[in-house]
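The values are calculated or read from the model by the stated rules, or taken from the named source; none is laboratory data. These figures come from a predicted structure and were not determined experimentally. Heads up, the Cβs are rebuilt from the backbone with ideal geometry, glycines too, and the neighbour counts pull from every protein chain shown. Calculation scope for accessible area: heavy atoms of the full protein, side chains included, ligands and nucleic acids excluded. Shrake-Rupley method; radii C 1.70, N 1.55, O 1.52, S 1.80 Å.
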Amino acid sequence: MSPDALDLPPLAAAFVFGLLGGAHCIGMCGGIMSALSFAVPPSLRHPVRLGGLLLGYNLGRIASYMLAGALAAGLGTLIGLAPGIRLALQLLAAAMLILMALYIADWWKGLLRVEALGRRLWRHLEPLGRRLMPVVRLPQAVALGAVWGWLPCGLVYSMLTWSLASADTARGASLMGAFGLGTLPALLATGLAARRLGALIRHPATRTLAALAIIGFALWQLWGLWPGAIPHEAGHAEHH
């Protein structure tokens, strides 16, 4: 899914992905947000303070996304992606978005196999996160969010595939940052109003609409990518 193939600016597209994936984010991370909220001692649950801690969690999470994006894009640079490989990665990113949509709508859970790839790393990081709880200070919240950012997630892996295809560390980091900001509204709202919003997001109609929107977005990317990608790359190569 090439940023250059988008009519929207690449960062705006990444932000939209985050927004459309809000149902999945709440499904995977909403429970974590709720647990973090209720883990704060009752004497410290002032709305302003609690909101600051929740924001800290998410800023740490987004920072981890950006680091992962930079690393993935750096790997793409080292590989020296040929046009054919880059196109394959772009198609893979679109396919993973469709798998993500099927997961969100509870139509097919095959994406769980992809998320399983990151569980080995998560086993080493989860104990570190537990040591940071209960969170009572903002630096703790940011550090815990940074650990949380490595939680296995198919939507994140799809975006990392996009970052890898960009083969530019700054772009890879910024794409993941924009994506993370897109997920922020849903997760912040979940932490502050977990029960009400959680029920709305988990409603089958909500999940179906979100899934259809993501599938439509992925198909739009494939429609714009496939006809022009190869000639564009070939033409680009001729100029060099």
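Annotation: per residue accessible area for region 84-195 equals 46 Å², rounded to a whole number [probe 1.4 Å, protein chains only].
With θ taken as phi - 60° and the Karplus curve 6.51 cos²θ - 1.76 cosθ + 1.60 applied, the whole-hertz 3J(HN,Hα) list for region 63-69 is 4, 5, 4, 5, 4, 4, x Hz, x standing for glycine and proline. Backbone N atoms of region 70-110 closer than 11 Å to the 7 Å Cα→Cβ label point of Ala116 belong to residues 110.
Rounded, prolate or oblate: which fits region 59-111, taking a ≥ b ≥ c as square roots of the Cα gyration tensor eigenvalues, rounded meaning a/c under 1.5, else prolate when a/b beats b/c? Oblate shape, in that a/c is at least 1.5 and b/c is the bigger or equal ratio. What FRET efficiency, computed as 1/(1 + (r/R0)^6) with R0 = 45 Å and r the Cβ-Cβ distance, is obtained for Ala12 and Leu78, rounded to the nearest 0.05? FRET efficiency, Ala12 to Leu78: 0.95.
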